[in-house]
Structures are given as structure tokens and as C-alpha cells.
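Before any comments, here is the structure.
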Amino acid sequence: MGIHAIDRLCYDIAHDPETLARMRADPRRELARRPLTAAERDELLRGDVAALYRRGAHPVLLVRLATFRVLGLDPALYAARIRTAEPRFSVPADPGRP
């Protein structure tokens, strides 16, 4: 299940006030309810967004962990950690630009 479950968690944090409340109150318990591996739960609990990104989690969804300040993350810490991840893809330069 993995990546879908991580992305879904991030989505739910932003769109479901009950999920957000549960994550703030007892993140271990909320993560145990979701179809995640032990490694994924550990990375989430550590706020290791670079590892989650490398697994394939979507960065636009991951940033919601910081936006809603769960798992010890805030925007500055998220930015510092996500910068340590190697990009999974690149966009070629516009051939018409010098």
C-alpha cells in the first residue's frame, strides 16, 4: 500500500479536521490505523520527508505535514530536509532560451 497510504495521510491532514486532530493528539495511534509498513511509520514519526520523497511520496502532499505542523515539522524544517533528497525527475531546459 505504501506510497498511496502516505499521500492519503497527507491529503487527509489537510482536508479532514478529525485526522488532523488525531495526528496532533497521538500520531503513533493514527499511523497504526493506516496501511503503512514499519519503515514508513518510522520515517513519518521522524519527520523524514526526504526518505518519504525517495519512496515516491508526492512533494505537494508531503508539504502539508509542515503546513499543518504535525510530526514535529514546520515549513522551515521541511524545506531544509526536503532539499537533502535527490530529485526524482528533471525538467529539460527550454531550448528557445539562452
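Structure above, values below:
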item	result
Accessible area expressed per residue, the chain, with surrounding protein chains retained (probe 1.4 Å, Å²)	62 Å²
Computed Rg/Rh of the stretch 1-90, alpha carbon atoms with Kirkwood Rh	0.93
Extension gain (nm, one decimal) between Ile3 and Asp26, 0.36 nm per residue minus Cα-Cα	6.1 nm
Largest to smallest principal axis extent of the C-alpha atoms in the stretch 19-69, angstrom	26, 24, 16
Mean separation of Cα contacts under 8 Å (6+ apart) over length of the chain, as relative contact order %	29 percent
Percent carbon-and-sulfur accessible area, the stretch 49-91, ignoring ligands, DNA and RNA, probe 1.4 Å	58 percent
Computed FRET value (nearest 0.05) for Glu86 with Asp42, which takes r as the C-beta separation and R₀ as 30 Å	0.90
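The values are calculated or read from the model by the stated rules, or taken from the named source; none is laboratory data. In this text the structure is predicted, and so the values were computed from the model without any measurement. So basically every Cβ, Gly included, is an ideal-geometry build from the backbone, and we count neighbours across all protein chains shown. Side chains included, ligands, DNA and RNA excluded: accessible areas come from the protein's heavy atoms. Shrake-Rupley method; radii C 1.70, N 1.55, O 1.52, S 1.80 Å.
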